[in-house]
1. Being on the phi > 0 side of the Ramachandran plot and touching a residue at least 12 places away in the same chain (Cβ under 8 Å) narrows it down to one of 145, 171, so name that one.
2. Answer with yes or no whether residue 188 is surrounded by 14 or more Cβ atoms within 10 Å (Cβ to Cβ), modelled with pLDDT of 95 or more and either touching a strand residue (DSSP E or B) at 6+ places or on another chain (Cβ under 9 Å) or closer than 22 Å to residue 57 by Cβ (or both).
3. Name the residues in the range 95-150 that are touching a helix residue (DSSP H, G or I) at 6+ places or on another chain (Cβ under 7 Å), in a loop (DSSP other than H, G, I, E, B) and closer than 22 Å to residue 67 by Cβ, would you?
4. Counting just the residues of the range 29-88 that are part of a loop (DSSP other than H, G, I, E, B) and crowded, with 17+ Cβ neighbours inside 10 Å, which one comes out farthest from the chain's Cα centre (by Cα)?
5. Which of (1) part of a helix (DSSP H, G or I); (2) closer than 21 Å to residue 32 by Cβ is the odd one out, the single condition residue 171 does not satisfy?
6. If you check every pair at least six apart or on different chains, which have Cβ atoms under 9 Å apart with a residue in the range 103-126 that is within 30 Å of residue 88 (Cβ to Cβ) first and a residue that is at pLDDT below 95 and assigned to a loop (DSSP other than H, G, I, E, B) second?
């Protein structure tokens, strides 16, 4: 994790707005995102945890919200957000009988620098992007009386996608996003259990866009 990247990530929207509005240089996207968390852990460790005891973070879906600012006919900066989705945390291995042991939400703003192919006048434009993701886990609730904390994460992200212009303002878009997220989980009750979760989330988003 690199906390030096966090102020930069949070400052980008303000910097974009400070440039002033220009015709057709801004776009707002709204869509649905399906999140495959694609996670693995180092195994649950602590007093009373049998060998092989582990946790599994379940997939989720949410509302995706994006703002894009065009820098040139081919380059743009995009801020991707979303309504924090809720993930179920399931016990796994010899402790699987516990079922759902917790829920947690995640807020994961991501800033991309995108490159769009084809001419700016083309209705269909594929694009690729690379950026920085910041993930903060919030609202963790235990079903078995523990206090649960997950550390924040900052890492690289990438995306591929395409836009299709219906007219000068409205369009459709789709994107496939991957990111690197790593978090340390600490569950505290009468004893302490810990694990490190390595996420490689795969996010498929489709929706509508509006240029202004």
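The values are calculated or read from the model by the stated rules, or taken from the named source; none is laboratory data. Note that the coordinates shown come from a computational prediction; the quantities given were computed from them, not determined experimentally. A quick note on method: Cβ atoms are made from the backbone with ideal geometry, for glycine too, and the neighbour counts reach across all protein chains shown.
1. Among 145, 171, only 145 is on the phi > 0 side of the Ramachandran plot and touching a residue at least 12 places away in the same chain (Cβ under 8 Å).
2. Judged against the criteria, residue 188 is not a match.
3. Across the range 95-150, the qualifying residue is only 109.
4. My answer is 49.
5. (1)
6. 103/143
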